[in-house]
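This report concerns only the one structure given below.
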C-alpha cells in the first residue's frame, strides 16, 4: 500500500494486510510529475487565448457589417419617411370592410411611393451601394405585393402562398438593414 499525503503519492509503502488481499482494488492514480500540471496549465491558457481571439474576430465582424451605413442624415430622414408611410398607408387601410385585394394593392402602391421618396433623399457616396441594395429589396417587396393582390383577386390560394414564400428574403433584407441602422419605423412588425 502507498500513502497519499494530500498532494501526491509518497514513497511510503507497506505490504497489503491479509484481510485486504481478498478484495480487488484498483492501483490508484499514477504519480504525477510537475511537467503534466504545467502542460495542463499551458493547454488551458492556450485555449483561453484562442477563445479570446475568436471573440475579438466575431466582434469585429459586427463592426464591418455589410448593411451598416454612416450617413446619419439619411437614416433619420428615411426613418421619418417609413413612419409616415405606416401612418398613411398601413394604418388607414386596415379596415375590415375593405376587401383583402384592395387593401394589399393599396399597401403595395404606398410602398412604391415611399421607395420613390426614399430614392430622392441624398445619401453619402460611401453608403450609396448599400442603400441602393436596400431600395431594390423594397422594389421587389412592392412588386410581390401587387402579385399577392392579384392572387387574392383571382382567389388562387396556391399562387398567394407562393408569393408569400418569395417575399421572405426581401422582407428579411429590408428589416435587417433597418434594424442594423436603427431605423425602427422601417422594420416589419
FRET E, pair residue 175, residue 45, Förster distance 30 Å, beta-carbon r, rounded to 0.05: 0.10
Net length gained if the chain between residue 3 and residue 120 were fully extended (0.36 nm per residue, minus Cα distance): 33.6 nm
Rg followed by Dmax, in Å, when the stretch 72-186 is reduced to its Cα trace: 14.7, 46
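Rule-based calculations on the coordinates, nothing more; no lab input. This one's a predicted model, so the numbers in the text were calculated from it and none came from an experiment. Quick reminder, even Gly has a Cβ in these numbers, built from the backbone with ideal geometry, and neighbours come from all protein chains shown.
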